[in-house]
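To start, the structure under review is shown below, and the notes come after it.
The values are calculated or read from the model by the stated rules, or taken from the named source; none is laboratory data. Everything numeric here is computed off the predicted structure, so don't read it as measured data. Cβ placement follows ideal geometry from the backbone for every residue including glycine, while neighbour counts extend to all protein chains displayed.
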Amino acid sequence: MFRKREEKIGDILREFIREEGLETPLLQRRLIDSWQTVVGEAIAAYTDNLYIRNQNLFVHVNSSVIRAELSMQRTSLVKKLNETVKSTVITDIRFC
């Protein structure tokens with residue numbers, strides 16, 4: 001099948017991902033993968049079991065001191081994480 005209209009492959013892929021409902025899970029995965037970059041390796045070593053449910057990022061923290069530090073920086077972390085994926089994926093972070 002020959003098409004006269006030229007399209008960029010990036011645009012075609014973006015459209016396909018959006019139509020198949022894969023955009024949100026992809027953005028969520030990118031946000032979770034960027035956790036270590038945003039908080040740093042030292043703090044990321046004390047965290048595990050990250051997942052997103054209802055626009056909340058749940059993070060299991062192994063240290064109460066680190067949990068308190070992260071709780072005080074919650075709003076700035078939400079902003080930085082959303083900026084890394086260039087979309088509003090989460091609205092809050094829950095530390096457990």
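Only one of E23, E6 is modelled with pLDDT under 95 and either more than 14 Å from the chain's Cα centre (by Cα) or of a type in the set (K, R) (or both). Can you tell me which?
Working: E23 fails: either more than 14 Å from the chain's Cα centre (by Cα) or of a type in the set (K, R) (or both).
None of the others qualify; the one that does is E6.
Considering the conditions (1) over 28 Å from L22 (Cβ atoms); (2) touching an Asp or Glu at 6+ places or on another chain (Cβ under 7 Å), S64 is excluded by exactly one of them, (2). Total residues in region 1-34 satisfying the condition of being in contact with a helix residue (DSSP H, G or I) (Cβ under 6 Å, 6 or more places away or on another chain), in a helix (DSSP H, G or I) and under 26 Å from H60 (Cβ atoms): the figure is 3. Within region 40-96, if we keep just the residues that are part of a strand (DSSP E or B) and basic (K, R), the residue that is surrounded by the most Cβ atoms within 10 Å (Cβ to Cβ) turns out to be R94.
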